[in-house]
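A short write-up of the structure that comes next.
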Amino acid sequence: MWVSAKSAGSRLVVLVAATSLVATLAVGCTGREAPKAVGEHTAQAHAGSPTVLSVAGVTVRLPEGAVVEGTAAKLTVSDADGLPEVPDGISVIGHSVSVEVPGGIAKPATVTFPASAEIADQSLHPVVVWQDSAGGWRWAPTTYDVDQRTVSAEVDHFSLGFLGGIDVKKWASDRWNSFRNYITGRAGVAQPRCGDEAAARTGGIEVTSGSGDRVKWCFGIHSGRRVLKIANNTRTYLQMTYPASWKVIDGASVSFDAGTAARAIGAAVSIPRGTAARIVDGGDTLTLAVPAGASGRVTTETSVVAWLVSGIAFGIETYAAVAKAAGSTLEKEAKSAVDRFAVLLGATGQAASELDVLKSCLKGGKGLLKLDSAKVAWDVLELAWGCVPAYMKSQLEDVKIFAVGVILSMVGSLVGAILTAVHLLVTGARDLWDHIASLGGKSDAIYNITIADPSVSEPMTSAALVAYIKAGKKANTSAYAEGAYGPDQPYYPSPGRLLFTTPSGNMMCVLSGSNKTDAGISCYIEDFSFKLPPRNCGNIAYVPNIIGVSRKDGPSQGICTGGVPFQFYSNKIPYGSSIIDGPVGCRSGQPFLACADLTTGQGFVVNRKMFRMYGR
């Protein structure tokens, strides 16, 4: 692997790279003894022919015109033990070489080494490591001739170099350990601090949350308004979904709009209407302004988009680590590309077009909407990692280094091989999905923070019920005149009806007030613990969790129906708002939903734990 054909013959180009442990080293005073020379060869350049130097199986070939005629070139092959400290992760194979040519060379020259047995049996993959003009190490474009068992590289200047061997399996193992820590570890984020938390809870405001340590939060007062700060204590990206009326006021954290990020990389995202969502980096904090009198819920989870971004981020960090081994210039530019990735995810217009290569590569993942199984998680990861080399090449192809195209191919080939090997290890780790789903088994899979005003008690009489509904903030009914039968289907008008969903998403309702002789309300409740009576509907289905009120039957529990009774998916109505359609209306509240015929007083209040009817 990492080998591609160079010609119809048996010369093969080995595209190789180095591990994240490889450091760029400046050659200086190391305190080591000078390397012991194995042999030397000096030759003068002649017009019309190349200049060839050879010592101990190492050959240097200067093409015709590379040096001025009569120039003396000198090749020295030395004991590798005398080299300055070489980068970690690369084994020195054979001897070191140095070439001296007064005045330098006008054309690239070729340095050829004998291949070792470890290269021949693919235990190690070869890369020629050369000293740059600043004294650091960098790669040279490397070619492995299988038949001749030689490794050659082109160099644009002469200095010190050696043939290195790379143990790809070890690098993959190192990156696997890094990935496992990335998924299972914690960012160690500090507990957020909010001012005057007691004042924020004035009036009986209650704040509850899920269990575990993946999220840390506080609720208090900042600049005279209530704020909720949510810190991502994982190392990966998480999606935080919150009521659309709550505004982000902290621009210092690394977070970006989930919809914008999804469009930038061609992914799919499902964000309930009436909410907004941001992708928040590990260790960062999102600060939200909570409007006065508002209640709602923030949901934190590993969505498909968050997981995809996490996978890409790990992949490009792996690429940057390998690029570091390829030379200091490429290392610097690769680090800039890593930092720029997060910026581009939140960008629009021309800046976002830099992600087009990634977007095109990721188009196969558009059908993935929910991270609900290990298979989906691994598929997303494989997709993300497979796209990293092409994306990073698009970001780095203008870097000013010798043979940049070949070097990027070498880096990309090794990154692909490393990530492929890591993916195989990931799919074989049976416990890793549990860590992804609950991030270490220490948290709920979905972490909710709920702000609620429990001070409102349920009405005692039908008259009080009607008064309570009429006292709510009147909703603009034009925003609730359409709906859909499925979560991913488009909304379309529903003539003669108003449709809404509660902020929690647990109840969906339809109001039919245009027919005053048979006006009514029907609500579907998804999650509840109160008991509903059984009912015999004959050959048609009984739907026990649809409740309602009508002028004909009054309040009722459960219906008999032969199909889907109404569009379940619709816009969310804020807590404290009332929606009225002719003689019927509902008021959305954190403690309960209240609905009634405003003329007769018949109606109901309902939440997850109770259902109470009025006027029956």
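Could you list, in sequence order, all residues of segment 402-436 that are of a type in the set (A, V, I, L, M, F, W, C) and over 15 Å from Val127 (Cβ atoms)?
Result: Val404, Leu419, Ala421, Val422, Leu424, Leu425, Val426, Ala429, Leu432, Trp433, Ile436.
Looking at Thr427, Thr450, Thr477, Thr420, which one is at pLDDT 80 or above and open to solvent by 70 Å² or more (accessible area, probe 1.4 Å)?
On the way: Thr427 fails: open to solvent by 70 Å² or more (accessible area, probe 1.4 Å); Thr450 fails: open to solvent by 70 Å² or more (accessible area, probe 1.4 Å); Thr477 fails: open to solvent by 70 Å² or more (accessible area, probe 1.4 Å).
Being at pLDDT 80 or above and open to solvent by 70 Å² or more (accessible area, probe 1.4 Å) holds for just one of Thr427, Thr450, Thr477, Thr420, which is Thr420.
Check segment 85-97 and report whether any residue there is open to solvent by 60 Å² or more (accessible area, probe 1.4 Å) and modelled with pLDDT of 90 or more. Spell out the reasoning first.
Step one: filter segment 85-97 for residues open to solvent by 60 Å² or more (accessible area, probe 1.4 Å), giving 85, 88, 95.
Imposing the further condition that a residue be modelled with pLDDT of 90 or more reduces the set to 95.
Within segment 85-97 (the criterion being open to solvent by 60 Å² or more (accessible area, probe 1.4 Å) and modelled with pLDDT of 90 or more), the answer is yes, since at least one residue qualifies.
Conditions tested, residue by residue: (1) touching a Leu at 6+ places or on another chain (Cβ under 6 Å); (2) over 19 Å from Ala66 (Cβ atoms).
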position	(1), (2)
Glu118	yes, yes
Asp121	no, yes
His125	no, yes
Asp156	no, no
Gly161	no, no
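Filter segment 538-555 for residues that are under 49 Å from the mean Cα position of the chain (by Cα) and touching a residue at least 24 places away in the same chain (Cβ under 8 Å) and give the result.
Listed by number, the residues that qualify are Ile546, Ile547, Gly548, Val549, Ser550, Pro555.
Condition first: over 27 Å from Thr600 (Cβ atoms) and open to solvent by 80 Å² or more (accessible area, probe 1.4 Å). Can you find one or more residues in segment 492-512 that meet it?
Yes, the conditions are met somewhere in segment 492-512.
Taking into account only those residues within segment 56-70 that are within 18 Å of Pro114 (Cβ to Cβ) and in contact (Cβ under 8 Å) with a residue 40 or more places away in the chain, which is most open to solvent (accessible area, probe 1.4 Å)?
So the first thing to find is which residues in segment 56-70 are within 18 Å of Pro114 (Cβ to Cβ), and the list is 56-61.
Applying the additional criterion that residues be in contact (Cβ under 8 Å) with a residue 40 or more places away in the chain yields 57-61.
Working: Gly57: 47, Val58: 4, Thr59: 42, Val60: 0, Arg61: 116 Å².
Here the answer is Arg61.
Quick check on segment 597-616: of everything there that is open to solvent by less than 30 Å² (accessible area, probe 1.4 Å) and part of a loop (DSSP other than H, G, I, E, B), which residue is farthest from Gln557 (Cα to Cα)?
Leu598
State yes or no: is Val298 farther than 10 Å from Tyr242 by Cβ and surrounded by 18 or more Cβ atoms within 10 Å (Cβ to Cβ)?
Answer is no for this residue.
Mind checking which residues of segment 569-596 are in a strand (DSSP E or B) and among the aromatic types (Phe, Trp, Tyr)?
The one that is in a strand (DSSP E or B) and among the aromatic types (Phe, Trp, Tyr): Tyr569.
Could you list, in sequence order, the residues of segment 116-141 that are β-branched (Val, Ile, Thr) and either open to solvent by 60 Å² or more (accessible area, probe 1.4 Å) or touching a residue at least 40 places away in the same chain (Cβ under 8 Å) (or both)?
Scanning segment 116-141 gives Ile119, Val127, Val129.
Might you check whether a residue that is over 14 Å from Asp156 (Cβ atoms), under 42 Å from the mean Cα position of the chain (by Cα) and assigned to a helix (DSSP H, G or I) occurs anywhere in segment 87-99?
No; the residues of segment 87-99 include none that is over 14 Å from Asp156 (Cβ atoms), under 42 Å from the mean Cα position of the chain (by Cα) and assigned to a helix (DSSP H, G or I).
Of the residues in segment 71-84, how many are surrounded by fewer than 21 Cβ atoms within 10 Å (Cβ to Cβ) and farther than 18 Å from Ala47 by Cα?
Within segment 71-84, residues that are surrounded by fewer than 21 Cβ atoms within 10 Å (Cβ to Cβ) and farther than 18 Å from Ala47 by Cα number 6.
Kindly establish whether Gly283 is within 16 Å of the chain's Cα centre (by Cα), at pLDDT 85 or above, surrounded by fewer than 19 Cβ atoms within 10 Å (Cβ to Cβ) and closer than 30 Å to Glu382 by Cβ.
Working: within 16 Å of the chain's Cα centre (by Cα): yes; at pLDDT 85 or above: yes; surrounded by fewer than 19 Cβ atoms within 10 Å (Cβ to Cβ): yes; closer than 30 Å to Glu382 by Cβ: yes.
Against the criterion (within 16 Å of the chain's Cα centre (by Cα), at pLDDT 85 or above, surrounded by fewer than 19 Cβ atoms within 10 Å (Cβ to Cβ) and closer than 30 Å to Glu382 by Cβ), Gly283 qualifies.
Return a yes/no flag: does segment 453-468 have any residue that is touching a Leu at 6+ places or on another chain (Cβ under 8 Å), over 25 Å from Trp385 (Cα atoms), modelled with pLDDT of 80 or more and buried (at least 19 other Cβ atoms within 10 Å of the Cβ).
If we filter segment 453-468 for residues that are touching a Leu at 6+ places or on another chain (Cβ under 8 Å), which is where we start, we get 459, 466.
Pick out the ones that are also over 25 Å from Trp385 (Cα atoms) and you get 459, 466.
Now drop any that are not modelled with pLDDT of 80 or more, which leaves 459, 466.
Filter once more, keeping what is buried (at least 19 other Cβ atoms within 10 Å of the Cβ): 459, 466.
Taking every residue of segment 453-468 in turn, at least one turns out to be touching a Leu at 6+ places or on another chain (Cβ under 8 Å), over 25 Å from Trp385 (Cα atoms), modelled with pLDDT of 80 or more and buried (at least 19 other Cβ atoms within 10 Å of the Cβ).
Select from segment 186-230 the residues that are among the aliphatic types (A, V, I, L, M) and either surrounded by fewer than 16 Cβ atoms within 10 Å (Cβ to Cβ) or in contact with a Phe, Trp or Tyr (Cβ under 7 Å, 6 or more places away or on another chain) (or both) and list them in ascending order.
Ala190, Ala198, Ala199, Ala200, Val207, Val215, Leu228, Ile230
How about segment 124-201: which strands (runs of 3 or more DSSP E) wholly inside it have at least 2 residues that are among the hydrophobic types (A, V, I, L, M, F, W, C) and closer than 30 Å to Gly103 by Cα? Break it down into steps so the answer makes sense when it comes.
Values: elements: 125-131, 137-140, 142-145, 150-155, 160-166.
Output list reads 125-131, 137-140, 150-155, 160-166.
Taking the stated definitions as given, is Gly164 closer than 30 Å to Ala325 by Cα, touching a residue at least 60 places away in the same chain (Cβ under 8 Å) and open to solvent by 50 Å² or more (accessible area, probe 1.4 Å)? Full working, then the answer.
Values: closer than 30 Å to Ala325 by Cα: yes; touching a residue at least 60 places away in the same chain (Cβ under 8 Å): yes; open to solvent by 50 Å² or more (accessible area, probe 1.4 Å): no.
No.
Among the residues of segment 539-558, is there at least one that is under 25 Å from Thr450 (Cβ atoms) and open to solvent by 30 Å² or more (accessible area, probe 1.4 Å)?
no
From the list Ala374, Ala403, exactly one residue is out of contact with any helix residue (DSSP H, G or I) (no Cβ under 7 Å at 6 or more places or on another chain) and either crowded, with 17+ Cβ neighbours inside 10 Å or hydroxyl-bearing (Ser, Thr, Tyr) (or both). Which is it?
Unique residue meeting the criteria: Ala403.
Find the residue count for segment 62-84, including only residues that are within 11 Å of Gly161 (Cα to Cα), of a type in the set (Gly, Ala, Ser) and modelled with pLDDT of 90 or more.
The total comes to 1.
Looking at (1) within 24 Å of Ile407 (Cα to Cα); (2) touching a helix residue (DSSP H, G or I) at 6+ places or on another chain (Cβ under 9 Å); (3) open to solvent by 20 Å² or more (accessible area, probe 1.4 Å), which is the only condition Ser178 fails?
(1)
The values are calculated or read from the model by the stated rules, or taken from the named source; none is laboratory data. Predicted, not measured: the structure shown is a model, and the values here were computed from it. Note that we place each Cβ from the backbone using ideal geometry, even for glycine, and neighbour counts take in every protein chain shown. For accessibility, only protein heavy atoms count, side chains too; no ligands or nucleic acids. Shrake-Rupley method; radii C 1.70, N 1.55, O 1.52, S 1.80 Å.
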